[in-house]
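Notes to accompany the following structure.
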Amino acid sequence: MPSRAAIVFANGTILLVPSPPIRILGIDPGLNRTGYGVVEVNGLRLACIATGVIRVPAGDLHQRLGTILRSLAAVIRDTQPHVATVEKVFVNINPQSTLLLGQARGAAICAAVAEGLVVHEYAALRIKQAVVGFGRADKRQVQAMVQRLLSLDRAPTSDAADALACAICHAHSASLSRALRSKASIAPRVRSIANGRRAWTARLQGLE
């Protein structure tokens, strides 16, 4: 059953209409392995459309970045997501590792933007909080919860799980935002209808 969105008319009538499913691409960038996962959101249900790991062969840096960009572009064309998500970069103890990760992340973002996607970024703590329930969860806990939330037959690899977790985090954030917007738009109408009914009831009682 498709999800539904609320439309409020000027007279206070509330109409629920089908809302199309949304596909979210999660990316876990890395210069050696880049994980990806596409999650489809249909109401409160989440489903894994595709997931995997892009294994980047050894070579010059520009060649490796090109592999990430082209491979992710192919994934996007095959799965047709509506939006992309990626984890925010963190400062590693090793500055060189941080720099290389940032370049891989840049290639991933460029692939998504080149295919016309808006890219949302989330901190690692927020992603773990959204998926596991606390921000200090380890990789095995993330893998287990991703498997459970998406009803997968087996736990995904660490890179794929991180990518799917990023997509799930955005799904939860987007659902909350839509719920808050719907509540904000519907509540005044509901109060108006209730006030109108109370006024008519008082009026009718006065005529008795």
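The values are calculated or read from the model by the stated rules, or taken from the named source; none is laboratory data. As the structure is a computational prediction, the values presented were derived from the model and not from experiment. Ideal geometry is used to build each Cβ from the backbone, glycine not excepted, and the neighbour counts take in all protein chains shown.
Somewhere in region 125-146, is a residue in contact (Cβ under 8 Å) with a residue 40 or more places away in the chain, aromatic (Phe, Trp, Tyr) and either over 17 Å from Leu25 (Cα atoms) or surrounded by 12 or more Cβ atoms within 10 Å (Cβ to Cβ) (or both)?
So far as region 125-146 goes, no, none of its residues is in contact (Cβ under 8 Å) with a residue 40 or more places away in the chain, aromatic (Phe, Trp, Tyr) and either over 17 Å from Leu25 (Cα atoms) or surrounded by 12 or more Cβ atoms within 10 Å (Cβ to Cβ) (or both).
Here is a yes/no grid of residues against (1) of a type in the set (Gly, Ala, Ser); (2) without any contact (Cβ under 8 Å) to a residue 24 or more places away in the chain:
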position: Pro81; (1), (2): no, no
position: Ala84; (1), (2): yes, no
position: Lys88; (1), (2): no, no
position: Ser97; (1), (2): yes, yes
position: Gln103; (1), (2): no, no
position: Cys110; (1), (2): no, no
position: Ala114; (1), (2): yes, no
position: Val119; (1), (2): no, no
position: Tyr122; (1), (2): no, no
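Search region 41-56 for residues that are outside any strand (DSSP E or B) and pair each with any residue that is buried (at least 16 other Cβ atoms within 10 Å of the Cβ) and at pLDDT below 95 when their beta-carbon atoms are under 6 Å apart and the residues are at least 6 apart or on different chains.
Within 6 Å, the pairs are Gly43/Ser3.
How about region 48-77: which of its residues are surrounded by fewer than 18 Cβ atoms within 10 Å (Cβ to Cβ), out of contact with any strand residue (DSSP E or B) (no Cβ under 7 Å at 6 or more places or on another chain) and of a type in the set (D, E, K, R)?
Asp60, Arg70, Arg77
As an exercise: evaluate Gly37 against (1) at pLDDT 85 or above; (2) among the small types (Gly, Ala, Ser); (3) loosely packed, with under 14 Cβ neighbours inside 10 Å and give the number of the one condition it does not meet.
(3)
At least 1 residues that are more than 27 Å from Leu44 (Cα to Cα), at pLDDT 90 or above and out of contact with any strand residue (DSSP E or B) (no Cβ under 9 Å at 6 or more places or on another chain) in each: list the helices (runs of 4 or more DSSP H) lying fully within region 94-208 that qualify.
Fully inside region 94-208 and qualifying: 95-114.
Has region 80-93 got any residue that is polar (S, T, N, Q) and at pLDDT below 95?
Taking every residue of region 80-93 in turn, at least one turns out to be polar (S, T, N, Q) and at pLDDT below 95.
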